[in-house]
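Below: the structure, in structure tokens.
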């Protein structure tokens, strides 16, 4: 594909977002902003890994949060039982990835062999079974309440990364170089590494094969590509990355529960992000995640205000209540899929196309 | 006026152009044979006539009426029947149910049925059997029978002899000859020996274009032309 | 082994599975009276799930359209019927069976009517633009499901909604030491009647033949001169109405319903159509009965396994028959 002016713009925007995220602790000095920035980092990875699947193979999975959850719960359970240490984080990550891979292989071979359309249904069924299991196995998972635990000592807010002459924590541009900062950069660089690896993957020869399969399955099969094997492989890859993202998020949050890692609402968030951003571009994941996370944090407040303003009118305040957030997202989602199936990045990249 | 005419038909499947420029005329009566190598675009031509793929640009006219944009069902209602390459048999329905569905009103005319049973006796014997249990030859007969259970002016038949035993091929040829007395058959065929005995007019398609059109007698006599156009595939 | 599978096919093949399941459960449960109660509950649940699933299966078979929003019809059916029943609670409490029945008919009719209208709307507005595009179909119908669920939340609130039952369906029949809840027997019979009606429609009428033929080969039906897309609206509306009726019956069965009902039933419905084989109502019935029985037996034997059991059932059946038990096309 030739570079278009649109592509250039998209890449510049992504670069700007990366820069903002890199300097986030220095640019936005409050707790909530850092929370938003970390969530954006995690969701960029999560959405990009989902994009590997939906955008590069054209199959829809509803089990992405399941893998995200495995990674998160792996770390959470081990941090709780083994105490805060890197060994727990690493073992948790490995355990999460292992469980994810086993399930991904099983689901992939079982359903992709028959019909790609089964895949969507089976992943949905699997994800909901896991969700119920997690809430039932409360000794292990904490049930609905989830698990609270401590992160490795390095990330404690009291940790001093550097001290000044008085032995107090050093400040640069008024930002304390403490454990919170370390935790943020742990999230940022983990996400960056995972994202760059995925980007390199789609540019690799294997990524090209995947695009060929997406464009024309029958033809790819005829040429001799083993479509099922490739799809199962990419499903495993996307599950692995999602699981790792889950682990990183669990370390950052110091809490893991169904609402932060497994719930269907997160799955819908991911779907929205990938569709808003643009499927099959990778860059779209960045744009989609940024827009949605920002909207989640700041638009809900707006909806609350609107709902109160409309009190007295039947149903309308109900629909505008912050709890009905999903209602509007659903409508936006449908409209987007109808009118902008390529999403922001896809539409922009097609602009100024020179053919 | 010819019964069917294709003018500069171009058909894309997804982003691949399968037919580049197909034009030919089918006169009323007899068998018109469409020849060509594998993948030349013969099936796509029939499907384009049926409206299963939409040509653009180009036009297809039936009895002078433009049918290019019509829905497949409406094209069929004009009096065109289609016997696809995969035969399109409804396997979970019985032989009789398959035939009933091919009638416009849901009733089979009994004289017509007798005639069809005369052409294909197996269909009378197995009339209450589920169609998936028929043999390949019987399925092919059912597929053709479905196309003629009510009078149709034009019958499109796609490679009816593929994979059939010689005796069945012969019976099929007899049936086509009889059918062609009252209708027109547009036959796509790879089996040249079968086609040459039936055909009156013919055309050859190669790489999505008509490369030759004329009478079958002329073409059958010209060995050089056959070798050039049909190559080793025949 | 081959001998065994031959005998199995001769005796009725996959149709035997519910009976085998029942027999195994009989041995495991031990107490005949509990077994009868559970079996009736399982059959009742199976028939209701069948109603919910049959439309989805036919719609997929006929047009290759997979509607992830199908469960919205189920939950709307449940809530609409519950509201009508609530409004007619005077009739329900009365001793007159006629008034009881009238309230029930009104509730079910409201659900069915909604199903028809919503099905028409859904097909023409939501699904028509994305025929033949599975990816966008899944996404859009999923979006529609979310909107529907949120709409229910906005109208009925998030707290469990209680559903009154008509007086004449309260209580149980007692035969010896076996007790059978009347509502379950009623649900089973009504579901059975709907199945028979559907079966006759599909096997004995011309439109039914066309639908079955369309499930096998849509293009061929069109080539014979029939507008499958117009038939499809009818099938879609019918399927939606059946789903709404299933939901309405389910509401009375559960007596307490929440807006999460749709999402919960959707998983079960998917499992049913996958194991039954997409596109055939006999397969859907078989799948629904298996799931209904399995849930009730395991709910008794190993309560924690109940939901995972459906998943295990599905995996086992897919490993054995990748296209489901009775796929529409041979």
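For (1) within 14 Å of chain C (Cβ to nearest Cβ); (2) touching a strand residue (DSSP E or B) at 6+ places or on another chain (Cβ under 6 Å); (3) on the phi > 0 side of the Ramachandran plot, each residue gets a yes or a no:
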position: B:115; (1), (2), (3): no, no, no
position: B:118; (1), (2), (3): no, no, no
position: B:124; (1), (2), (3): no, no, no
position: B:127; (1), (2), (3): no, no, no
position: B:134; (1), (2), (3): yes, no, no
position: B:138; (1), (2), (3): no, no, no
position: B:149; (1), (2), (3): yes, no, no
position: B:152; (1), (2), (3): yes, yes, no
position: B:157; (1), (2), (3): yes, yes, no
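Considering the conditions (1) within 18 Å of the chain's Cα centre (by Cα); (2) without any contact (Cβ under 8 Å) to a residue 40 or more places away in the chain; (3) more than 9 Å from chain C (Cβ to nearest Cβ); (4) within 18 Å of residue B:147 (Cβ to Cβ), residue B:111 is excluded by exactly one of them, (1).
Any idea which of C:285, C:325, C:313 is modelled with pLDDT of 85 or more and farther than 23 Å from residue A:108 by Cα?
On the way: C:325 fails: farther than 23 Å from residue A:108 by Cα; C:313 fails: farther than 23 Å from residue A:108 by Cα.
The match here is C:285.
Considering (1) at positive phi; (2) within 19 Å of the chain's Cα centre (by Cα), the lone condition that residue C:225 does not fulfil carries the number (2).
Determine if region A:80-88 includes at least one residue that is surrounded by fewer than 24 Cβ atoms within 10 Å (Cβ to Cβ), at positive phi, at pLDDT below 90 and away from chain C (no Cβ under 14 Å). For region A:80-88, residues surrounded by fewer than 24 Cβ atoms within 10 Å (Cβ to Cβ), at positive phi, at pLDDT below 90 and away from chain C (no Cβ under 14 Å): present. Taking the criterion of being over 30 Å from residue A:69 (Cβ atoms) and surrounded by fewer than 20 Cβ atoms within 10 Å (Cβ to Cβ), would at least one residue in region A:177-190 satisfy it? Yes, region A:177-190 has at least one match. A Cβ distance below 6 Å, combined with a sequence gap of six or more or placement on separate chains, defines the contacts here; from region C:306-330, residues that are within 14 Å of chain B (Cβ to nearest Cβ) and farther than 17 Å from residue A:126 by Cβ reach residues that are modelled with pLDDT under 85 and not in a loop (DSSP other than H, G, I, E, B) in the pairs C:328/C:61.
Just so you know, in region A:102-116 the residues that are assigned to a helix (DSSP H, G or I), in contact with a helix residue (DSSP H, G or I) (Cβ under 9 Å, 6 or more places away or on another chain) and surrounded by fewer than 18 Cβ atoms within 10 Å (Cβ to Cβ) include one that is nearest to the other protein chains (Cβ to nearest Cβ), and it is A:106. Entry remark, region B:158-170: residues being more than 15 Å from residue B:197 (Cβ to Cβ), in contact with a helix residue (DSSP H, G or I) (Cβ under 7 Å, 6 or more places away or on another chain) and not in a helix (DSSP H, G or I) number 4 in total.
Hey, can you tell me all the residues within region C:85-109 that are within 21 Å of residue C:247 (Cα to Cα) and either touching a residue at least 40 places away in the same chain (Cβ under 8 Å) or surrounded by 19 or more Cβ atoms within 10 Å (Cβ to Cβ) (or both)?
Applying the first criterion (within 21 Å of residue C:247 (Cα to Cα)) to region C:85-109 yields C:85-89, C:92, C:100-109.
Scanning region C:85-109 gives C:85, C:86, C:88, C:89, C:92, C:100, C:101, C:103, C:104, C:107, C:108.
Checking the condition crowded, with 22+ Cβ neighbours inside 10 Å and within 14 Å of chain C (Cβ to nearest Cβ), which residue from B:22, B:33, B:83 passes? Spell out how you get there, then give the answer.
Values: B:22 fails: within 14 Å of chain C (Cβ to nearest Cβ); B:33 fails: within 14 Å of chain C (Cβ to nearest Cβ).
Being crowded, with 22+ Cβ neighbours inside 10 Å and within 14 Å of chain C (Cβ to nearest Cβ) holds for just one of B:22, B:33, B:83, which is B:83.
Residues in region A:259-278 that are more than 13 Å from every other protein chain (Cβ to nearest Cβ) and crowded, with 24+ Cβ neighbours inside 10 Å: A:261, A:262, A:277, A:278. For the criterion of being at pLDDT below 95 and under 16 Å from the mean Cα position of the chain (by Cα), residue B:39 fails.
Right, residue A:151: touching a helix residue (DSSP H, G or I) at 6+ places or on another chain (Cβ under 9 Å) and buried (at least 17 other Cβ atoms within 10 Å of the Cβ) or not?
Working: touching a helix residue (DSSP H, G or I) at 6+ places or on another chain (Cβ under 9 Å): yes; buried (at least 17 other Cβ atoms within 10 Å of the Cβ): yes.
In short, yes.
Here the helices (runs of 4 or more DSSP H) wholly within region C:1-73 that include at least 1 residues being modelled with pLDDT of 90 or more, within 14 Å of chain A (Cβ to nearest Cβ) and touching a helix residue (DSSP H, G or I) at 6+ places or on another chain (Cβ under 7 Å) are C:32-63. You will find that of C:104, C:113, C:139, the residue that is assigned to a helix (DSSP H, G or I), at the interface with chain A (Cβ under 8 Å from one of its Cβ atoms) and on the phi < 0 side of the Ramachandran plot is C:139 and no other. Here residue A:303 clears all of (1) outside any helix (DSSP H, G or I); (2) away from every other protein chain (no Cβ under 11 Å) except the condition numbered (1). Among residues of region C:224-241 that are modelled with pLDDT of 90 or more, those with a beta-carbon under 6 Å from a residue that is not in a helix (DSSP H, G or I) at least six positions away or on a different chain give the pairs C:224/B:102.
The values are calculated or read from the model by the stated rules, or taken from the named source; none is laboratory data. These numbers come from a predicted model, not from an experiment. Using ideal geometry, Cβ is built from the backbone for each residue, glycine included, and neighbour counts are taken over all protein chains shown.
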